[in-house]
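The values are calculated or read from the model by the stated rules, or taken from the named source; none is laboratory data. As the structure is a prediction and not an experimental result, all values here were calculated from the model. Neighbour counts run over all protein chains shown; Cβ positions are idealised from the backbone, glycine included. Each accessible area value is taken on the protein alone, full model and side chains, heavy atoms only, with ligands, DNA and RNA left out. Shrake-Rupley method; radii C 1.70, N 1.55, O 1.52, S 1.80 Å.
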Amino acid sequence: MKKLALLLLAFTAFPLGLLAQHYATRAFLDEEGVIRAEKVLDAQLPPVARDGLAPMPGFPLSFSSNTTYKPMRGLALADLNNDGADEIILCHNEEINVIDGQGNVVWTQPLVGGMAQYPAAVGDIDGDGTLEIVVLTAYGNARGGINVFSNTGEVLLATVTNNNPLICAPVLADLNNDGELEIVFSGRGKASANISAGVHVWNLQGEEIEGFPFEMPSTPAFTPTLADCGDGTLLLFTATTSALYYVNNTGTQLNMIDSEGAYKYSYQSPLVVDLFGHGFTDWSLVGACHGDNPHHYARCIMGDGDYLDGWPKPVSSWTYSAPTAVKNGDEYAIFMGVSGEGNVFYQYDAEGNVAPGFPLNLSSGIEGFISVADIDGDGENEIITDFNLMDGEQGYIRAWEMDGTEVTEGFPLRPQGLSYMNGANFGDINGDGMLEIVTLTYVQNFSPDDPVYVTAYALNQPVENLVFGTYKGSNDRMGWIREETIEPECFPVRNLEAETFGDMPKVVLKWIGPIPGSTGNLSGYRIMKDGMLLETLQHPLFEYTDLDVDFDETHVYIVIAVFDDGCERASEPLSVTVLWDAVQEHVKEAKVYPNPANNLLHVEGARLAQVEVFNIMGQSVLRICENFEDIDISRLQNGIYFVCLKTNDGEKSVKLVVEK
């Protein structure tokens, strides 16, 4: 009996052991560009976050997705309506949604030509001061489409490109120096396509500009990169699966680097970076290759496009990682990831040396775009990445110090779904001057019910802490990493307007505070009238009443925003004329005396209903509804006041000087 009991115990323990095994979901991209998912046993999961960040109110949002193709390279965040807050621009399936910082869908439009797999590009294409949005689409190898929208969702261009899927992001750049941005994109056209395989450059009217398309002999699947290499014109860098091309702004090939089948250029759009600070004569093209000889590279732009000394850097497996290059102190740091597991995340210097603490050995790859920001306010940048594992129904957004130490204060974020091939998008979606992280994730079950998720997290760090926060570093998707001298800036008040009254001489100024993002904190306002200082107000007052005006006279007002760092910014001048409306003669004839006055004030006039006295700030200091002949003003201090005489037929304001 004891032997039987032991055998039964051993038999029942076996399935219990199986139940204790832990499975996670890992994503990968196949050669057809399809994101697939597989179960992995006992994967090394990221550490649990300390005080993990929770989604903002209104998030996450769930949207439909294509059963096969999922969005990659994240979202676009841009202030479409110029209110100081970024909108979230989600391109997924055959639809674009614009979402505000409270999780409300502002507008939605269908996309022509197929599914959006890459994020939109955003820019002021026609130079009218408002932003336009460009989205490319594809549907397998059958068709593609170019979609252009105004900032309010009006369709400006919708063109289907038969047999020419557009599996890349659009780039917005003024390639022909006509003062407007062109739409630059790669098409994978077949012989029967209505536009050819290669790089196309269209204007907003859907017309190809002179010199393009730049046709290529094999399949491109690559977001072009553009940069000004010193003469004021843009160079274009593009690739097929087997060759890299340098092209000038008129569509002429300057250089072609053939991989001879040893490796493939696809999906990993490069960056142009001045790695050594020598100017355009020594700029570099930084990117990655996959195929049978996967590697990370840095090439010269000038000459024959040779590798820089110390490059290329072989990696262990295929990579679809798009590079990130940012300043780390006085030197550039270059970040790239790979697929698979093991050494999957690298940081290099300009000479190709792997930074201390790298590569990171992880149980799954990092292949989305890589963001850089000071996420904890310590003055040092951190690195924020996707991760192609999902535990249960939640994925990961991970963060690392520049030395490779993982950040666990608030991280990893745990959005619903897989973050693979996407990453952390940074912006200010609620207009408070602070950064938010917005993630794009999805479920891949090849089911019609597969959702995509948009989730926002409040980081509570100023927008100035952001270094690199979207695919290719900017919403134009140019991939040109250039150092710009940013002058300290403070912003003026917005929407300054004046209200006037035809029955009394009075001007009420109203405004909205400056947009967030100034160098210092707003402390108050100075009110100027005809070049003279009227008053200094403390923030957050947004209104001022001027009673010292006369009918039919024009006055010029300026409101100066004052910041605590000494920065000041004046509004545009506002001219105001108070025009007299017809009122009863007895209102006009009402009198106030003596003027100046000391302790008693006399008011003379017919049908008076109320006398009210205001100080120079527009504040009521005395109100009388009877016995107007002897008004006691003994408690008023010396100064200038305004007496408002009210009747049933109108009002009249009189300036009063009190002297004792």
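The range 364-419 and the range 307-359 have their alpha-carbon centroids 17 Å apart. Where the centroid of each part is defined by its Cα atoms, how far is the range 108-137 from the range 421-453 in Å? Cα centres, the range 108-137 to the range 421-453: 18 Å.
The tail of the calculated P(r) for the chain beyond 51 Å holds 29 percent of all Cα-Cα pairs. Ignoring ligands, DNA and RNA, please state the percent of accessible area on the range 244-349 from carbon and sulfur, probe 1.4 Å. Here carbon and sulfur together make up 45 percent of the probe-accessible area. From its DSSP helices (H runs of at least four residues, each -39,500 (n - 2.57)), the chain gives a residue-normalised ellipticity at 222 nm of -1000 deg cm²/dmol.
Provide the gained length on full extension for the span residue 302 to residue 316, in nm with one decimal, where the gain is 0.36 nm per separating residue minus the Cα-Cα distance. Could the numbers behind the result be given before it?
Numbers: separation 14, 0.36 × 14 = 5.04 nm, distance 2.95 nm.
My answer for the length gained is 2.1 nm.
If the segment from residue 393 to residue 67 were pulled out straight at 0.36 nm per residue, it would be longer than the present Cα-Cα gap by 115.6 nm.
For the range 233-279, the alpha carbon positions stretch 33, 27, 17 Å along the principal axes, listed from largest to smallest.
Relative contact order of the chain: what whole-number percent is it, with Cα pairs under 8 angstrom and at least 6 residues apart?
Reported as a whole number, the value is 10 percent.
How much accessible area per residue does the chain have, counting only protein heavy atoms and a probe of 1.4 Å, in square angstrom?
Details: 27640 Å² over 660 residues.
Per residue, the chain has an accessible area of 42 Å².
Set the Förster distance to 60 Å, then compute FRET efficiency between residue 207 and residue 361 from the Cβ-Cβ distance, nearest 0.05.
On the way: r = 51 Å, r/R0 = 0.85.
It comes out at approximately 0.70.
From the cross-link list 264/327; 39/264; 39/327, which pairs have alpha carbons spaced over 32 Å apart? Spell out each step's value before the answer.
Numbers: 264/327 28 Å; 39/264 28 Å; 39/327 38 Å.
Too far apart for the 32 Å limit: 39/327.
Applying 1/(1 + (r/R0)^6) with r as the Cβ-Cβ distance of residue 40 and residue 256 and R0 = 45 angstrom yields a FRET efficiency of 0.65. Packing around the peptides 474-480, 537-543, 367-373, 399-405, taken as the average count of other Cβ atoms within 10 Å per residue, puts them in this order, highest first: 367-373, 474-480, 399-405, 537-543.
One chain, two ends: residue 638 and residue 405. Fully extended at 0.36 nm per residue, the span grows by 77.1 nm beyond their Cα-Cα distance. Roughly how tilted is helix 2-19, in degrees to the nearest 10 and between 0 and 90, from the longest Cα axis of the chain? So the helix axis and the longest Cα principal axis differ by about 60 degrees. Where a Cα-Cα gap under 20 Å defines reach, which aspartates and glutamates qualify for residue 660, not counting those fewer than 8 residues away within the same chain? Partners found: 629, 630, 632.
Can you check what the Kirkwood hydrodynamic radius comes to for the range 233-347, Cα pairs only, in Å to one decimal? Mind showing how you got there, number by number?
Details: mean 1/r = 0.0686 Å⁻¹.
With all distinct Cα pairs of the range 233-347 included, I get 14.6 Å.
Would you mind computing, in nm to one decimal, how far apart the modelled labels at residue 128 and residue 434 are, each placed 7 Å from Cα along Cα→Cβ? Reported label-point gap for residue 128 and residue 434 is 3.7 nm. For the residue pairs 529/591; 591/646; 529/655; 510/655, the C-alpha atoms sit more than 19 angstrom apart in 529/591; 510/655.
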